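Every read-out reported here was derived from the displayed coordinates using simple, explicitly stated rules and does not represent laboratory data. Keep in mind it's a predicted model, so treat the numbers as computed, not measured. Cβ placement follows ideal geometry from the backbone for every residue including glycine, while neighbour counts extend to all protein chains displayed.
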Amino acid sequence: MKIYTKKGDGGTTQLIGGTRVPKHTLRIEAYGTVDELNSFIGVVRDQDIQTKHQERLIEIQDRLFTMGSLLAAEPGKSKMQLPEIHTEDLEYLEKAIDEMDDELPPMKSFILPGGHPAVSHCHVARCVCRRAERITTALNEHEAVPEIILQYLNRLSDYLFVLCRKLSQELGAKEQPWKPRL
């Protein structure tokens, strides 16, 4: 299989199902942003963090590839069998969030992103996740998106936030509270 086909040179791409659409459509923006998120999570995983976090991130990256394929499929036209996201995938994130949160001090204010490169990369991944969620909810207003995808993105951004806090704790980084200037 060649990497280049030249079919997209005119600004269109093909959905799973065969229809060609402009590369700037919401569907393409949605799965493109999920792909970007997956890459940023790879950057977080490549940091000097605990193996358990790296293993969770690999699992999450797998789910994001699944999500990308589901978003790249033309509703009702794809005959290809695609992997799915399940309720257990949400529960996996929730369990990880609860485990980390139980070991963290309570939050008393908003926290400024930063403190350590691993934490900063994780905050960027969290922001890209929120953008993927915004674009996917906009797509959902025009074409139905499986509810589990919206739920997963929402839960994943929560997971990434708590992971930022946990990494700060483990790496000895100071959480900088936001002190609004009034």
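For this structure, a couple of remarks:
- Around the amide H of Ala73, modelled in the peptide plane, lie the amide H atoms of Ile16, all under 5 Å away and 5 or more residues distant in sequence or on another chain.
- Separation of the Asp62 and Glu36 label points, Cα + 7 Å toward Cβ, nm: 2.7 nm
- Computed lengthening from Val21 to Lys52, 0.36 nm per intervening residue step minus Cα-Cα distance: 7.2 nm
- Virtual spin-label span in nm between Lys6 and Asp102, 7 Å along Cα→Cβ: 6.0 nm
- Helical segments meeting 15 Å axial Cα length and Kyte-Doolittle 0.0 threshold in the chain (DSSP H): 26-45, 147-171
- For Ile111, the residues 5 or more places off, or on other chains, whose built amide H falls under 5 Å of its own are Trp178.
- Gain on full stretching of the segment that runs from Gln151 to Trp178 - 0.36 nm per residue minus C-alpha separation: 6.9 nm
- If R0 is taken as 45 Å, the Cβ-Cβ distance between Glu143 and Gln169 corresponds to a FRET efficiency of 0.65.
- For segment 1-80 versus segment 117-182, the gap between their alpha-carbon centres in whole angstrom: 18 Å
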